[in-house]
Amino acid sequence: MILLTLLWQFSMLSLVAVGGANVLIPELQRLVVEQGWMNAREFAALFAIAQAAPGPNVLVVCLIGWHVAGVSGAVVSMLGICGPSSILSFYVARWWQRYRQAPLTLAIQRGLAPLTIGLVAASALLLSQAANASVGAWLLCGAVALAAWRTALNPLWLLLAGAVLGGLGLL
């Protein structure tokens, strides 16, 4: 029963992952905490592990599935999160190629950009709150967001700066 629940929940989330798996973080966190699969702090830890690991951002779903139902849970969760959106993307890409300059296509493209930005910002806020961030961490988060927005600085340098500050115990 738990495997079907994982498959269903992640299949539904897959279809709203506009902008990638990171936009799902608020809903993922709500889902796993509401289901009683883990608490917010455990979720934040799994998310951090997934981000530190090489590979796609969707790895957090695999870790959630593994936490809930072992290896079979990890496999089912990944099938659920990747399957429906991959099928939908295939057909949307075909349509997009055919009607690239149509008014509807251009309107959808303009509408998805702010939606994606808002979802990513909500994810960042939720994770910061779940991590019980200090004032220094909030300031660093704001500075990094500003630097990422206003400069062409490689994001790896921003990650390195955060890691150094955290390693020195300043956050």
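What the table shows:
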item	result
Within region 62-76, considering residues that are open to solvent by 50 Å² or more (accessible area, probe 1.4 Å) and hydrophobic (A, V, I, L, M, F, W, C), the one nearest to Q35 (Cα to Cα)	W66
Search result, residues across region 14-35 that are farther than 20 Å from Q129 by Cβ and either open to solvent by 40 Å² or more (accessible area, probe 1.4 Å) or modelled with pLDDT of 85 or more (or both)	S14, L15, V16, V18, G19
Residue check, A48 within 23 Å of Q129 (Cα to Cα), modelled with pLDDT under 95, under 13 Å from the mean Cα position of the chain (by Cα) and surrounded by 15 or more Cβ atoms within 10 Å (Cβ to Cβ)	no
Unique residue being under 18 Å from the mean Cα position of the chain (by Cα), modelled with pLDDT of 90 or more and open to solvent by less than 30 Å² (accessible area, probe 1.4 Å) when the list is L79, L6	L6
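The values are calculated or read from the model by the stated rules, or taken from the named source; none is laboratory data. Please read these numbers as outputs of a predicted model, since none were measured by experiment. Here Cβ is always computed from backbone atoms with ideal geometry, including for glycine, and neighbour counts include all displayed protein chains. The area values use the complete protein model at the heavy-atom level, side chains included, leaving out ligands, DNA and RNA. Shrake-Rupley method; radii C 1.70, N 1.55, O 1.52, S 1.80 Å.
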